[in-house]
Structure formats: C-alpha cells, structure tokens
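Here the structure is laid out as structure tokens; the discussion comes afterwards.
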Amino acid sequence: MGHNELDDLQLNDAMRSLADGFDVGRVELNSIPFDSLMKIKLMVVAKPSKPFTEPEKFKLDQYLMRGGKILWSIDQVSAELDSLRGHGGEQLAFPKQLNLDDQLFIYGIRINYDMIADISAVQIPISTGSVGGQPQIQMVPWLFYPIFMPLAKHPIVKNLDGVRGEFVSTIDVLDIPNVQKTVLLASSPYNKNLKAPHLLSLKAIDQEPDPKAFQSEPKVAAVLMEGSFESDFKNRVQPDGMAEKISITNQSQPTKMVVISDGDVFKNQVSAAGEAFPLGFDRYSSQTFGNKNLLLNIADYLTDDSGLIALRNKEIKLRLLSRARIRNEKVFWQVINTIGPLLLVLIFAIFQHYTRRRKYAR
C-alpha cells in the first residue's frame, strides 16, 4: 500500500480467498522494517497509481534478492470505463509514471505503454436510447476488455477458464541469463495494440471490427519468471532516505515472480449498494471467469505449494462409448443384460433346490 493501490472493497474476494491458506494483510514499504519484510512469503503489487520512491524500490529489490516472491499486477496506462462514461463517452488514455520500468527491465520484463484491443472481448452494457421513457440497454463487446484463454500447459493456468482483463498492455520478454520465462496469458490472434496516449470513445462500439485489421501475433499479458535475478541496485549505493542500513545483494537466490500487465485482473466488481461480487464474476453478463483460480494458483505456485494446484486442476476424463461398437453390438448386449440376470436367478434356484433335496432326503 501507499501508491493508491486497489482498496479493501475492490480486493475483498481476493483477500478473503487467499485468507483460506495464508495470513493476508497490507504492507507499507516506507515503514515496515526489512527483517519483518523478509518474513513475508509473497508480495502482491496490485494496481499502483503513484510512483515508487527509490527506497521503496530498494526494499522490494533486496526482498527479491533474498528469495522473496513478487506478484506484479500493473496498469501502465490510465484508463477507466467509469470515467469514460462520466466524460461524455470520451477520455484520453495516457501513460502512468510508476518509476518501475528500470527495475522490471533489469529483471527481464518491459511493460509497454499501450493497450490491447481484442475481438475476443467481454460484453458491457450500453444505452442505445429509450422507449416510453425507459432506457434501452444492449450488451456489446468492448475490445479493451479482452478474454484471455490460457493455452499453456503450466500448472498455474492448466484447465483454467478464460481470464477477464481490463485495459491490458503488452509485455516484452527480454533475454536475461539464468532466468526461465513462461508465458501464462496471451491475447487471441485477432488483436491489435494501440499506443498511449490514445483517445477512447464509446462511439467506436457502433463500428463492427474488421477481422482483417485485427490479425496479429498474440500479445503477451502475463509471464512467470523463475531463476536468479540481477539486482537493480548492483554497483550502486543504498538510496538516500533509508531508515536502516541494508547490505546490498547483487544476485538473487533462486526465486520466482509473476508479472501481469493488468492492474484490474484481481479486482472484484462492486454493486451499487457497496457489496463485493465474487472475483471473476461479471455482473452484467452473469459469467464467471477464471480470475480467482488464477490468483490462487499463482499464490500456491510462488509459495511452493504445488499440491493444492494439482488438486484444483485435477482432470476428469470422460470415457466416451464407441459409437461403432454401440451400433454393431447393440442387440448382443441387450440380450446379455436382459436374459443374463434371469439365467443367473434360475441357476441359483436349481442349485438351491438340488441342495435342499439332498439335505432332507435322508
């Protein structure tokens, strides 16, 4: 906390779901002592909106160097659908300045200042006029709310339902030695990315997207990184403003992190009455997406609890009947199942009768 991250109501179901297996709370990087920070198994950076200071970045960096795990959920572009509706249907989406680019670059990730527009998208309600004084609402796809269909075989996303995104940026995965990268989420092949700043308009919904204009390589939106990372503060002195002296570790222990270029992926929707919906549930379409299981799988994997992931992703294979055998052997099995039990009962009755005759014949 401390950078206008998502509040407790927006993270209500995420925190409640994680609380089944973890002690969940908020951390103020400025005030928490470093030895207390090192007792945390997983740090979640959930949609910061204000820039990180150098002392805060230093604490995060040295936490990672000593084997800490981090889940980054970051919006690089400032854009909100509610703000768009409140500004006459138009809004300028502009880059955020979080002061994290250099740090993530050293770790092997670049989150670009753009937005993915994808034909595979969530539907949102739009007013199309009024009849008899009643507004007419129509559900239409909003290209900036992509649905990510996990295709990777990694345990984090295996068998996962589609994941709902909001104003997602593209990720460039850099070639960093000693670090293994696994793409967890990517867009569909029918997408394009729009550079920020970009003027968003709800009027664009009226235009049917041309699939030819959206044919592109799938864009990366979430990456798992495992290995030994180089410190962002290698060959540098401890930044000014630190309340305690922390020795600099230049190369990390083997550790893991996940970077997602969507700050809203773990945000639950909130009703007009201020009640939180389950994470992944879309109140407009009544669909439930895989966002909650994605969060739980990431938390279990980064904290080395792979057993829970295996249970959550257990495959149930349906043993389908052979249509050819059903057609060719139908009469045979009908006879067996009809006459077979009768013959067994008859044989048992004869055997019992024969046994009783022998027993009482003396």
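Largest GNM mean-square fluctuation across 333, 72, 142, computed for the chain with C-alpha springs under 10 Å, falls on 333. For the chain, the fraction of C-alpha pairs more than 29 angstrom apart is 51%. Tally the DSSP beta bridges in the chain and give the antiparallel ones as a percent, rounded to 5. About 80 percent, rounded to the nearest 5. Using C-alpha pairs below 8 Å separated by at least 6 residues, the relative contact order for region 117-186 is 28 percent. Taken over the alpha carbons of region 165-317 as equal point scatterers, the Debye sum produces base-10 log I(q)/I(0) values at 0.12, 0.16, 0.21 Å⁻¹ of -0.81, -1.19, -1.41. Scanning residues 5 or more positions from residue 262 or on other chains, those with amide H under 5 Å from its amide H are 74, with H placed 1.01 Å from N in the peptide plane.
For a quick check, take a GNM of the chain with Cα springs below 10 Å and name the residue from 335, 258, 237 with the largest mean-square fluctuation. With Cα springs under 10 Å in the chain, the top fluctuation among 335, 258, 237 is at 335. Each helix, a run of at least 4 DSSP H residues, gives -39500 (n - 2.57); summed and divided by the residues of the chain, these come to -8000 deg cm²/dmol at 222 nm.
Take every Cα pair under 8 Å whose residues are at least 6 apart in sequence, average their separation, divide by the length of the chain, and the relative contact order is 20 percent.
When both region 198-232 and region 53-87 are represented by their alpha-carbon centers, they are found 18 Å apart. On the accessible surface of the chain, probed at 1.4 Å, how many percent belong to carbon and sulfur atoms? Answer for the chain: carbon and sulfur cover 55 percent of the accessible area. For region 229-268, the solvent-accessible area works out to 47 Å² per residue, with a probe of 1.4 Å and every protein chain left in place.
On a 23 Å Cα-Cα criterion, which of the cross-link pairs 57/256; 39/181; 96/192; 69/219; 59/158 come out too long? Check vs 23 Å cut-off fails for 39/181; 69/219; 59/158.
Run a plain Debye calculation on region 237-285 (Cα atoms as equal point scatterers, no solvent) and give log10 I(q)/I(0) at q = 0.17, 0.19, 0.30 Å⁻¹, rounded to two decimals, same order as the q list. Reported log10 I(q)/I(0), two decimals: -0.73, -0.78, -1.12.
The values are calculated or read from the model by the stated rules, or taken from the named source; none is laboratory data. Predicted model, so just to flag it, every value in this text is computed and none were measured. Surface accessibility is based on the protein's heavy atoms, side chains included, excluding ligands, DNA and RNA. Shrake-Rupley method; radii C 1.70, N 1.55, O 1.52, S 1.80 Å.
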